[in-house]
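Report on one structure; see the data block that follows.
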């Protein structure tokens, strides 16, 4: 399937929205630090895209961290996404703090790759 403008893409650098496609280059809505080129960039290549969709919820994976709001409530929560198996239906669902992703309004996403790459690690004594 071809990647289109205004679609969301997941790379190993996070989740972005495609603003423009120009040949091999895919322009993104925000910058990220590119280790290969050792610079901040807002462009990537098609081969670096892991998944793409117009529905951002389809790009969320287990271990991603979300800031979200439960519909009809005025407060935000944070949590880690995990998968749960429903034996009656024979399907897997992505869950955050006991709620299916379909039940929440997502405010922000930190992918598990971003977390692993950017978190500050303390040495154990």
On the basis of being in the same structural domain as residue 114 (by TED's automatic domain parsing), at pLDDT below 95 and either within 25 Å of residue 116 (Cβ to Cβ) or surrounded by fewer than 14 Cβ atoms within 10 Å (Cβ to Cβ) (or both), does residue 93 make the cut? yes
Single unsatisfied condition, residue 113 versus (1) touching a strand residue (DSSP E or B) at 6+ places or on another chain (Cβ under 6 Å); (2) under 21 Å from residue 11 (Cβ atoms): (1)
Checking residue 39 against (1) assigned by TED's automatic domain parsing to the domain that holds residue 112; (2) surrounded by fewer than 14 Cβ atoms within 10 Å (Cβ to Cβ), only one condition comes out false. Which one? (1)
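Listed residues 95, 15, 80; which is in contact (Cβ under 8 Å) with a residue 40 or more places away in the chain and either assigned to a loop (DSSP other than H, G, I, E, B) or touching a helix residue (DSSP H, G or I) at 6+ places or on another chain (Cβ under 9 Å) (or both)? If you could, list the steps in order and put the result at the bottom.
Details: 95 fails: in contact (Cβ under 8 Å) with a residue 40 or more places away in the chain; 80 fails: in contact (Cβ under 8 Å) with a residue 40 or more places away in the chain.
That would be 15, the only listed residue that is in contact (Cβ under 8 Å) with a residue 40 or more places away in the chain and either assigned to a loop (DSSP other than H, G, I, E, B) or touching a helix residue (DSSP H, G or I) at 6+ places or on another chain (Cβ under 9 Å) (or both).
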Is it true that residue 37 is over 18 Å from residue 115 (Cα atoms) and either part of a strand (DSSP E or B) or over 17 Å from the mean Cα position of the chain (by Cα) (or both)? yes
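What do you reckon, is residue 66 touching a residue at least 24 places away in the same chain (Cβ under 8 Å), surrounded by 15 or more Cβ atoms within 10 Å (Cβ to Cβ) and not in a helix (DSSP H, G or I)?
Yes; evaluated as a whole, the condition is true for this residue.
The values are calculated or read from the model by the stated rules, or taken from the named source; none is laboratory data. Because the structure is a prediction, the values reported are computed rather than measured. With ideal geometry, Cβ positions are generated from the backbone for all residues, glycine too; neighbour counts draw on all protein chains shown.
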